[in-house]
Amino acid sequence: MSFSVSTLPGGMSADEFLRDYWQKKPLLIRQAFPGFESPLSADELAGLSLEQEVESRIVLEHGATPWELRRGPFAEDDYSSLPQQNWTLLVQAVDQFVPEVAELLAAFRFLPSWRVDDLMISFAAPGGSVGPHFDNYDVFLLQAEGHRRWKIGQMCDSDSPMLEHPDLRILAEFEQTEEWVLAPGDMLYLPPRLAHYGIAEDACMTWSVGFRAPSHAEVLTHFTDFLAQYLGDEQRYSDSDIHRPADPAQIDEQTVERLQQLILDAVQDREALGTWFGRFMTEPRYPELIQSEEIETGLLAGILDDGYGLERNPSARLAWRQEQDSYLMLFASGEHCLLPTRLLPLVQLICNQDYLAAEEMQPWRADVEAMELLEQLLSKGDLLFEANEDDEHE
Ligand code: SIN
Ligand code: CO
């Protein structure tokens, strides 16, 4: 069973896209989603921005400052005081709150799912924009409603001049190379660090699928923090091979060599690296939305007997890795567990499907470790019992 997709929305082969465009150059896909209709209206998006647990912001051009940032959660009154033009509401991780929005992510299974960060949705009044900027991650920008003019510019880096602004990253210089107007269903892929500038032609909505890419600094600091937990205090810099120094004040090359060896020995542990990475990449954006709860013995079996399935918590992040042929590691929202290799087909279902039907779980019912795994994920809150109308299982 294949869980990935071989073509991009719009029909380009995934192989061609990955070879020629991914992390390399932009790609405009006209009618990637022909006849696309947003399952979420602008009013509903604004409604989400009133919620406490939802991360949202409004960027207003020519507000209190040339570029003003307002942070959510907002109140209804905040909207009545906005002008007719030149503002954008941006709501993060809408995929975690609206299942119909999360469905779009299935179209991106030509990439590892643990690379996906979130699906942000913006609504802009005519003229609205967040200014010319660059992001450090890849993004697919789907035009969901209305029209947006996208200008793309130069490749940037941390030395690119920025406007002085306490909160917004706006480029001081924008060297335009191309410009397109996107209509509903069109999608633009942008590689990291490419300057872009989107301006709403009319009231418009844009869906952005953003990706996670840890910085080298994060990889180094977080991995070494992870390793350090397993190092004893008695493991110290040692120099039993030392010779009498010519000058006691000198730090000589042998000293640096010993230190380098100490570091290389520690970071060479590939198994630890794989474990750390799986945990790190599955860390949830909003851990508070993954609530642990006690699962009574027999509850899972009873639910499956009644024909109800299990749902993935939309805030949970899941991935797996096989350690040679010996065992399987499941990563679930920043934690990991070791499993026997025979559970791989179940782990793949759990990681790749938003919903696990009772019938799909049937072959695993007699496997104690499989059932324990499901129970563990339910008690951690990564999986949820299928919601049912009369709430009899709550
Ligand atoms: C927007 O949707 O207005 C901004 C998206 C982006 O430029 O990354
Ligand atoms: Co951007």
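Just so it is clear, none of the values below were taken in a lab; they were calculated from the coordinates. Given the structure is predicted, the values throughout are model-derived calculations rather than measurements. Positions of Cβ are generated from backbone atoms using ideal geometry, with glycine treated the same way; all protein chains shown enter the neighbour counts.
Some observations on this one:
- Output for segment 277-299, where each listed residue is under 16 Å from R321 (Cα atoms) and among the small types (G, A, S): G278
- Enumeration of residues in segment 138-161 that are crowded, with 16+ Cβ neighbours inside 10 Å and either among the hydroxyl-bearing types (S, T, Y) or without any contact (Cβ under 8 Å) to a residue 12 or more places away in the chain (or both): S160
- Unique residue being surrounded by fewer than 20 Cβ atoms within 10 Å (Cβ to Cβ) and among the small types (G, A, S) when the list is G210, G198: G210
- Any hit, segment 351-371, residues being surrounded by 20 or more Cβ atoms within 10 Å (Cβ to Cβ), farther than 30 Å from Q52 by Cβ and β-branched (V, I, T): no
- Only a single criterion out of (1) exposed (fewer than 13 other Cβ atoms within 10 Å of the Cβ); (2) closer than 21 Å to Q291 by Cα is not satisfied by K380, namely (1).
- On inspection, T224 fails the criterion of being of a type in the set (S, T, N, Q), within 16 Å of ligand 2 (Cβ to nearest atom), in contact (Cβ under 8 Å) with a residue 12 or more places away in the chain and not in a loop (DSSP other than H, G, I, E, B).
- Hits in segment 1-23 - residues which are exposed (fewer than 14 other Cβ atoms within 10 Å of the Cβ) and either in a loop (DSSP other than H, G, I, E, B) or touching an Asp or Glu at 6+ places or on another chain (Cβ under 8 Å) (or both): M1, S2, F3, S4, S6, G11, Q23
- Within the option set Q176, Q229, Q250, being over 25 Å from the mean Cα position of the chain (by Cα), surrounded by 10 or more Cβ atoms within 10 Å (Cβ to Cβ) and either free of Cβ contacts under 8 Å to residues at least 40 places away in the same chain or more than 14 Å from ligand 1 (Cβ to nearest atom) (or both) holds for one residue only, Q176.
- Any chance D186 is farther than 13 Å from V209 by Cβ and buried (at least 20 other Cβ atoms within 10 Å of the Cβ): yes
- In segment 279-320, the qualifying residues are those that are of a type in the set (K, R) and in a loop (DSSP other than H, G, I, E, B), and the one that is surrounded by the most Cβ atoms within 10 Å (Cβ to Cβ) is R317.
- Unique residue being away from ligand 2 (no atom under 15 Å from the Cβ), basic (K, R) and out of contact with any helix residue (DSSP H, G or I) (no Cβ under 6 Å at 6 or more places or on another chain) when the list is R236, R169, R193: R236
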